[in-house]
1. Of the listed pairs LYS136/LYS230; LYS152/LYS194; LYS51/LYS97, which have alpha-carbon separations greater than 18 Å here?
2. Considering the options VAL102, PHE59, GLN158, tell which one lies farthest towards the positive end of the dipole of the chain, charges being +1 on Lys and Arg and -1 on Asp and Glu at the Cβ, about the Cα centre.
3. Amide H to amide H, which residues 5 or more places from GLN146 or on other chains are under 5 Å from it, using H placed in the peptide plane?
4. So what are the ³J(HN,Hα) numbers for region 220-233, from phi and the Karplus equation (6.51, -1.76, 1.60; θ = phi - 60°), rounded to whole Hz, Gly and Pro as x?
5. Provide the per-residue ³J(HN,Hα) series for region 84-99, in order, calculated from phi with Karplus coefficients 6.51, -1.76, 1.60 and θ = phi - 60°, each as a whole number of Hz, with x at glycine and proline positions.
6. Which of THR184, THR65, THR78 moves most in a GNM of the chain, Cα contacts under 10 Å?
7. Where both residues lie in the chain, what percent of DSSP beta bridges are antiparallel, nearest 5?
8. Out of MET190, MET52, MET63, any idea which swings most in a Gaussian network model of the chain, alpha carbons joined below 10 Å?
Amino acid sequence: MKPNETLLNTLLVDNNKKIMFTDEEIGDEHIMTSVDTPMRDDAFEMSDEEKMAQIEYHFRQIMETLGLDLKDDSLKGTPKRVAKMYVKEIFSGLDPKNMPSVALFDNKYQYNEMLVEKNISFYSNCEHHFVPIFGKAHVAYIANGQVIGLSKLNRIVQHFAKRPQVQERLTMQIAKELQKILGTEDVAIMIDAKHLCVASRGVKDDTSSTITSYYGGKFQDDATKAEFLKYIS
Ligand SMILES: [Zn+2]
């Protein structure tokens, strides 16, 4: 996806210190309150089955409120389908038990350059409208003695995507998790994504995309950052 850096959607995340919006028009609703997903203390007291039963009940109420006839063959299964999709698929990343297990390997071949995994596809959902955010994540790190299986980079991106999200937080959560797992600050992330809350409703701009980035440790050096950007361009 070629970034279209319209002022409306371009934003930069500068290493957790501050978030710079290049245009105030980004909208009041696009506010991230913390790097951690805001969760209640009792978030996991209910089982998945109990959650699905609750969501099924409440989603049926929403559909009925909209005037839909839930006796229709095409609609009657929807509340149950939505409940299962929320808990088991698109919001399964809220539950820490679903975090992918990650094995590290000794960096026996002494590869000390950066490793870049680019164009990792992901699907997430905007926490302000509950409609999709989708795009590509580019992830890089410089090994500090240990390396990670390549597919685990995809799985970590996808785990944090399976939450109601804002793109800035998604970027930070992937970066912080990789830094923790790999034991190094030397992690870079760039995410280029489309937000259907911008494309299909509201301002209905379906050509812009949103870019967020994180540069930790050595990636703050201009030459290292430039190398990363060259690989993903
Ligand atoms: Zn939104």
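Throughout, read-outs are computed from the coordinates displayed, never taken from laboratory work. As the structure is a prediction and not an experimental result, all values here were calculated from the model. Here Cβ is always computed from backbone atoms with ideal geometry, including for glycine, and neighbour counts include all displayed protein chains.
1. From the list (LYS136/LYS230; LYS152/LYS194; LYS51/LYS97), the Cα-Cα distance tops 18 Å for LYS152/LYS194.
2. VAL102
3. When sequence neighbours closer than 5 places are left aside, the close amide H contacts are ASN107.
4. 7, 5, 4, 5, 5, 4, 5, 5, 4, 5, 5, 5, 8, 6
5. 5, 4, 4, 6, 8, 10, 6, 10, 5, x, 6, 8, x, 5, 9, 4
6. Per the Cα network of the chain with a 10 Å cutoff, THR65 tops the list.
7. Restricted to the chain, the bridges split so that about 95 percent are antiparallel.
8. Looking only at MET190, MET52, MET63, the largest GNM fluctuation is found for MET63.
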